[in-house]
Amino acid sequence: MVTLGIETSCDETAIALYDSNSSQIIAEKVYSQIDLHAAYGGVVPELASRDHCAKIINVLDQCMAEFDLKNIDQIAYTAGPGLIGALLIGENLAHGLSISLNKPVVPINHLEAHLHAPKIDQDIHLDFPFITLLVSGGHSMIIKVNKLGDYELLGDTRDDAVGEAFDKVAKLLNLGYPGGPILEKIAMQGDSSSFSFPQPMAHSNDCDMSFSGLKTAVLYAVEKLSTITDKHQADIAASFQESATEILVKKIDFALSKNSVKDIVLAGGVAANKLLRSKMDSLADNKNINLHYPPLRHCTDNAAMVAYLGSLYSEISSYNLVSSVRPRWPLDELKL
Ligand code: KG4
Ligand code: ZN
């Protein structure tokens with residue numbers, strides 16, 4: 001069975017094809033709007049919708065270069081959470097294809113798609129329950145996956161998402177947008193012990209997180225400096241990254257102390273961060289737990305994860321074309 005996946009929840013226009021017979025992604029294309037939003041230092045929702053609209057057919061054509069659309073079996077698309085205008089572009093394409101090809105659609109939760117992304121490329125067995133750290137520009141969550149479709153939110157951020165904190169700190173340091181990857185690169189030249197930034201809530205007896213105090217501490221440190229040299233930039237980036245990743249690792253450590261699991265999954269855009277990966281590797285080694293993360297291209301937003309999850313949910317695909325778009329769509333409200 002071949003599932004066409006469509007992802008337009010934020011600033012990536014992406015299409016992919018997953019074949020469940022061969023358990024492989026047959027084709028995938030991602031068009032990133034980064035350059036469009038860079039001038040504004042963040043995603044501008046109206047521009048995102050317009051650009052999805054302008055580019056999506058071209059991305060579809062590129063993805064289908066070697067595969068006939070008529071041979072797909074179903075269409076999975078991200079129905080939420082995300083920017084409403086952006087989500088509607090993906091849904092409209094899905095519905096249009098459904099009508100013209102007479103194929104069913106399956107609306108997909110973007111967060112759930114991230115959770116299962118490590119299984120797309122690797123033949124891994126994840127024992128239920130497993131724990132996922134989902135860290136992106138919009139989310140910082142620790143989730144217990146009891147089985148497909150059954151998720152328990154163990155912890156969440158009380159304020160900013162960790163990716164948002166990376167982006168905002170990068171902006172304070174004039175590093176451009178999106179901040180995470182650039183900040184990580186600059187941090188490699190810096191000394192992570194040169195600034196002592198706080199780790200808010202790192203020792204609270206729960207899995208909840210907070211990143212806005214850390215971001216404000218960076219703001220104060222930047223304001224104290226009359227000029228920011230390259231060395232300051234690198235040292236602040238390294239010290240911030242150290243605190244942010246420590247918070248995440250301590251929270252996962254706490255989650256593991258309360259839940260007996262054999263596997264942890266690291267997902268979402270921030271899962272691309274090498275320092276986070278190496279700290280999580282050490283933690284998993286110490287606890288004798290298996291750590292899984294997707295390859296970089298499937299950590300950030302992509303349609304392969306949407307097509308793959310759609311294939312797991314083929315039994316609920318339908319010809320019902322009432323809008324399913326939900327800008328807010330918590331994982332514990334998955335009933336479609
Ligand atoms: O999952 P994603 O592509 O989109 C959302 O659903 O938000 O995640 C994007 C976020 C951005 O905040 C970006 O700065 C962050 O992930 N990010 C990183 C790295 N690569 C992307 N943060 C830290 N280190 C990285 N290497
Ligand atoms: Zn995402």
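The values are calculated or read from the model by the stated rules, or taken from the named source; none is laboratory data. Since this is a predicted model, take the numbers as computed values, not measurements. Cβ coordinates were reconstructed from backbone atoms using ideal geometry, including for glycine residues, and neighbour counts include every protein chain displayed. In case anyone asks, the SASA skips ligands and DNA or RNA and just uses the protein heavy atoms, side chains included. Shrake-Rupley method; radii C 1.70, N 1.55, O 1.52, S 1.80 Å.
What the table below lists for this structure:
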quantity: Segment 102-157 versus segment 215-282: alpha-carbon centroid distance in Å; calculated: 21 Å
quantity: Length-normalised contact order for segment 136-222 - Cα pairs under 8 Å, 6+ apart - percent; calculated: 30 percent
quantity: Relative contact order (%) - criterion: Cα under 8 Å, at least six apart; region: segment 126-294; calculated: 27 percent
quantity: For segment 166-302, size of Cβ-based charge dipole, Lys and Arg +1, Asp and Glu -1, in debye; calculated: 120 debye
quantity: Principal semi-axes in Å for segment 1-91 [√(5λ), Cα gyration tensor, largest first]; calculated: 26, 13, 10
quantity: Under the Debye formula (equal points on every Cα, no solvent term), log10 I(q)/I(0) of the chain at q = 0.07, 0.10, 0.15 Å⁻¹; calculated: -0.29, -0.58, -1.22
quantity: Point-charge dipole on Cβ atoms (K/R +1, D/E -1) for segment 72-169, about Cα centre, debye to 20; calculated: 180 debye
quantity: Whole-number accessible area per residue in Å² for the chain, which is evaluated in the context of all protein chains at 1.4 Å; calculated: 43 Å²
quantity: Charge sum, other residues only, whose C-beta stays under 12 Å from A234's C-beta, Lys/Arg counted +1 and Asp/Glu -1; calculated: -2
quantity: Set of lysines near K168 by C-alpha distance (under 25 Å), chain-local residues within fewer than 8 positions excluded; calculated: K185, K215, K224, K231, K250, K251, K274, K279
quantity: Cut-off 13 Å between beta-carbons: net charge of the residues surrounding V106, Lys and Arg +1, Asp and Glu -1; calculated: -3
quantity: Rough spin-label spacing in nm, given labels placed 7 Å along Cα→Cβ, for L219 and K274; calculated: 3.1 nm
quantity: Under the Karplus curve 6.51 cos²θ - 1.76 cosθ + 1.60, θ = phi - 60°, whole-Hz ³J(HN,Hα) for segment 242-259, x wherever Gly or Pro sits; calculated: 4, 5, 4, 6, 4, 4, 4, 5, 5, 5, 5, 4, 5, 4, 5, 6, 9, 9
quantity: For segment 196-336: Kirkwood Rh in Å [reciprocal of mean 1/r, alpha carbons]; calculated: 18.3 Å
quantity: Candidates per GluC sites (Glu not before Pro) in segment 40-92, loop by DSSP, up to 11 other Cβ within 10 Å; calculated: E66
quantity: Accessible carbon and sulfur surface of the chain relative to its total accessible area, %, 1.4 Å; calculated: 50 percent
quantity: Fraction of the pair-distance distribution of segment 34-132 above 20 Å, Cα-Cα pairs, percent; calculated: 53 percent
quantity: Burial order of peptide ranges 298-307, 195-204 (average beta-carbon count within 10 Å, highest first); calculated: 298-307, 195-204
quantity: Average Cα contact separation per residue, segment 1-51, under 8 Å, 6 or more apart, as relative contact order %; calculated: 29 percent
quantity: For segment 126-294, alpha-carbon Rg and Dmax in angstrom; calculated: 15.9, 53
quantity: Amide H partners (placed H, <5 Å) of F130, local residues excluded; calculated: V145
quantity: Fraction of beta bridges assigned by DSSP in the chain that are antiparallel (%, nearest 5); calculated: 60 percent
quantity: Positive-end residue of A307, A117, P327, charge dipole of the chain with Cβ unit charges; calculated: P327
